[in-house]
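Participant: Take this structure, written in structure tokens, and hold onto it; I'll ask about it next.
The values are calculated or read from the model by the stated rules, or taken from the named source; none is laboratory data. None of the values given here were measured: they were computed from a predicted structure. Virtual Cβ from ideal backbone geometry, glycine too; neighbours counted across all protein chains shown.
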Amino acid sequence: MSENLVNILLVEDDEVDVMNVKRAFKKSNVTNPLFVAGNGIEALEILRADGNNKIPNPKIILLDLNMPKMGGIEFLRELRADDKLRNITVFVMTTSNEDNDKIDAYNLNVAGYILKPLSMDRFIGAVSTLKNYWKLCEYPE
């Protein structure tokens, strides 16, 4: 079975968390192309762009909820309302353990809600689990 190298968009405003995701990808041998947007508005611009700024055929979004300009829940509402983007798989990766955020996210059809672990080992374990998930998934062209 060949590895499923789908493009991934990380929507995260915290540079330390971006570096942690990149480090966890490296330690988990995740070779998927990773694109980064600093907030929901930037992510939608990238996803809707034509030409050089567009992510080719993104399949997975890793989404923080607490961001400036446009937070994660607002981004999810926009994403799900867009006929061209609504089917992208979204995993929330956030520090928010609020039930309201979890309910809102699942009502907007997220594939999973992951609390950012405090230790790097636990974070690497979470990324490795995600890798195993998307390696098994089949996506339409």
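Participant: Under the condition of being among the basic types (K, R) and within 14 Å of the chain's Cα centre (by Cα), which residue from segment 81-118 is nearest to D50 (Cα to Cα)?
Facilitator: Looking at the filtered set, the residue picked out is R86.
Participant: Quick check: anything in segment 4-14 touching a Gly at 6+ places or on another chain (Cβ under 6 Å), part of a helix (DSSP H, G or I), farther than 19 Å from R122 by Cα and of a type outside the set (A, V, I, L, M)?
Facilitator: Checked against the condition, which is being touching a Gly at 6+ places or on another chain (Cβ under 6 Å), part of a helix (DSSP H, G or I), farther than 19 Å from R122 by Cα and of a type outside the set (A, V, I, L, M), segment 4-14 yields no hits at all.
Participant: Separate question: Taking segment 121-141 as the search range and keeping residues that are of a type outside the set (V, I, T) and crowded, with 17+ Cβ neighbours inside 10 Å, which one is modelled with the lowest pLDDT?
Facilitator: W134
Participant: Could you check, for segment 42-60, whether at least one of its residues is closer than 20 Å to T129 by Cα, of a type outside the set (K, R) and surrounded by fewer than 21 Cβ atoms within 10 Å (Cβ to Cβ)?
Facilitator: Yes, some residue in segment 42-60 is closer than 20 Å to T129 by Cα, of a type outside the set (K, R) and surrounded by fewer than 21 Cβ atoms within 10 Å (Cβ to Cβ).
Participant: Considering N20, N66, N87, N32, which residue is assigned to a loop (DSSP other than H, G, I, E, B), touching a Phe, Trp or Tyr at 6+ places or on another chain (Cβ under 8 Å) and not hydrophobic (A, V, I, L, M, F, W, C)?
Facilitator: From the options N20, N66, N87, N32, the qualifying one is N32.
Participant: Could I ask something else about it? From the set of residues in segment 106-120 that are under 20 Å from D14 (Cα atoms) and at pLDDT 85 or above, which is surrounded by the most Cβ atoms within 10 Å (Cβ to Cβ)?
Facilitator: Y113
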